[in-house]
Amino acid sequence: MASRERREALQHKLQQLRDVTNSSSVNKASIIVDASKYIEELKQKVEGLNTELGIGESSTTQIDQLPMVTVKTLEKGFLINVFLEKNCPGMLVSILEAFEELGHDVLDATVSCEDTFQLEAVGGESHENDSIDAQVVKQAVLQAIKNTD
């Protein structure tokens, strides 16, 4: 029974692959070869578009180094995740000062700043008991990161 379900699942996935790649092949190997060709075509299209836009490898490296900041509002506070490919001296202090300037307390935090910089923190409501605007918190953190570069 389990092997039959696996076969059916594989058939379903192969059919999905055929649909996505517009393959008319029927056997597994041909479907995979068609998918491989399709992926190469997509790569060439992306390279062509990047060339048209004047985006080279140096700018993709810059994109990789951009901070990833997500803020989620909670019932009484917020959860923030920050990730950067590199760590700069003073970054944690700068981010904590940004929270302080907004009037938010950090209730719990996990930080790693060995090679990369990672922060996950739970912040409390502002001292004025205003509602928390996730976008304002995110912008303040991004500005704090920018100030440490």
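The values are calculated or read from the model by the stated rules, or taken from the named source; none is laboratory data. Just so we're clear, the structure is a prediction, and the values are computed from it rather than from any experiment. Note that each Cβ is placed from the backbone with ideal geometry, even for glycine, and that neighbours are counted across all protein chains shown. Quick note on the areas: whole protein, heavy atoms, side chains included, nothing else; ligands and nucleic acids left out. Shrake-Rupley method; radii C 1.70, N 1.55, O 1.52, S 1.80 Å.
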Largest first, what is the accessible-area ranking of H12, H104 with a 1.4 Å probe?
-> H12, H104
Calculate one ³J(HN,Hα) per residue across region 89-94 by plugging θ = phi - 60° into the Karplus curve 6.51 cos²θ - 1.76 cosθ + 1.60, and present them in order as whole Hz with x for glycine and proline.
-> x, x, 5, 4, 4, 4
Distance (nanometres) between label positions extended 7 Å along Cα→Cβ at N147 and E101 = 0.3
Pairs over 28 Å Cα to Cα, from K86/K138; K45/K86; K13/K37; K43/K72, come to K45/K86; K43/K72
To the nearest 0.05, how large is the calculated FRET efficiency for S25 and A2 if R₀ is 22 Å and r is the Cβ-Cβ distance?
-> 0.20
Sum of side-chain charges, T21 neighbourhood, beta-carbon under 10 Å (Lys, Arg +1; Asp, Glu -1) | -1
Gaussian network model of the chain, Cα springs within a sub-10 Å range: biggest mean-square fluctuation belongs to which of I95, I80, I39?
-> I39
